[in-house]
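Each remark here refers to the structure printed beneath this line.
A short reminder: the numbers here are calculations on the coordinates, not readings from a lab. These figures come from a predicted structure and were not determined experimentally. Here Cβ is always computed from backbone atoms with ideal geometry, including for glycine, and neighbour counts include all displayed protein chains.
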Amino acid sequence: MHCDKSFSVEGGNFQAAGNVSSEIKGLLKKIGLPKDTVRRAAIVCYESEINIVSYAKKGQIIVHADDRSVQIEATDEGSGIPDIEQAMKEGYSTATAQVREMGFGAGMGLSNMKRYSDDFFISSEVGVGTYVKMVVFNLDLKLMPDHPQWVDTYT
Amino acid sequence: MDLAAIVKALNLKVSCGGSALNREVKGGYVGDLLSDVIANSQEGHVWITRQIHQNIVAVASLKDLAAIILVQGSEPAPDTLEKATREGIPILITADPGFEVAGKIYRMISP
């Protein structure tokens, strides 16, 4: 049981923002991952998607999921992040007034991505773009319907 | 405490999601910053906000919130309503300010 899929995200399109993460959430649910894994993966996808919409011309979210984990890679062609350490701080944001008016730009997107994933990697180049990779583990392998052997090994 | 009891006690207008009012409300969160709500709300919470655009539905759905309560008479944008209806997320409306709504609900559900 696995899924590999790539999604394009259009920069600046706040009407469509969230659609990709909804679709990913549906896919992960369909392959039978437990609720908590699906929810955490969907949240990090959503924050990635909002960041691409807010700060990039365009981007891509690639999801690879199997019964053990969900790996999410978000790549964009955008403004990039000059100081990642600062950007990771809760409350720090460079969002425009227009973006903030809609309730985005709380300065918690990247920290949520880190908070809800089990493994988090970010790299960025100013004027080129940003790459984020996150892994969400299935912490409840025994619940997987197709893999009864996990029941025995999970103690 | 189920959602229906809160709707009745606070005389909230059910804008959509009327079939999901039997859900248990475990608490609530107040905020207009979406990522703050993502970080700090929990499953089964009601979310009290003034934001009306469709991304509130995405946030409520991501966090499995029980309902969105729009205060100060805010009405959901048409595409918000459409999306919430599709996803079965109740949007409840009141003319009261957020402070009062939060206070009343807190009093109802706290032991």
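Structure summary
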item: Extended-chain gain in nm, criterion 0.36 nm per residue less alpha-carbon gap, residue A:131 and residue A:77; result: 18.5 nm
item: Mean separation of Cα contacts under 8 Å, 6 or more apart, over the residue count of chain B: relative contact order %; result: 31 percent
item: Cβ-placed point charges (K, R +1; D, E -1), dipole of the range B:3-109 about Cα centre in debye, nearest 20; result: 280 debye
item: R0 of 25 Å, Cβ-Cβ distance residue A:62-residue A:140: FRET efficiency to nearest 0.05; result: 0.55
item: Which of A:120, A:43, A:93, positive extreme of dipole for chain A (C-beta unit charges); result: A:43
item: Förster radius 30 Å - calculated FRET efficiency between residue A:16 and residue B:1, Cβ distance, rounded to 0.05; result: 0.25
item: For the protein assembly as shown, convex hull volume per residue from C-alpha positions, Å³; result: 135 Å³
item: Counting DSSP beta bridges with both ends in the range B:3-109, the antiparallel % (nearest 5); result: 20 percent
item: Nonlocal amide H pairs with residue A:56, under 5 Å, H built at 1.01 Å; result: A:12
item: Around residue A:136: net Lys/Arg minus Asp/Glu count, Cβ-Cβ under 13 Å; result: 0
item: Cα centre as origin, Lys/Arg/Asp/Glu Cβ charges: the range A:1-146 dipole, Debye; result: 380 debye
item: Chain B - mean residue ellipticity at 222 nm from DSSP helices (-39,500 (n - 2.57) per run, n ≥ 4, rounded to 500); result: -11000 deg cm²/dmol
item: Cubic angstrom per residue, convex hull over Cα atoms of the range B:3-109; result: 78 Å³
item: Principal axis dimensions, largest first and in whole angstrom, of the range A:2-153 by Cα; result: 52, 29, 26
item: Nitroxide proxy distance, nm - points 7 Å out along Cα→Cβ at residue A:31 and residue B:100; result: 5.0 nm
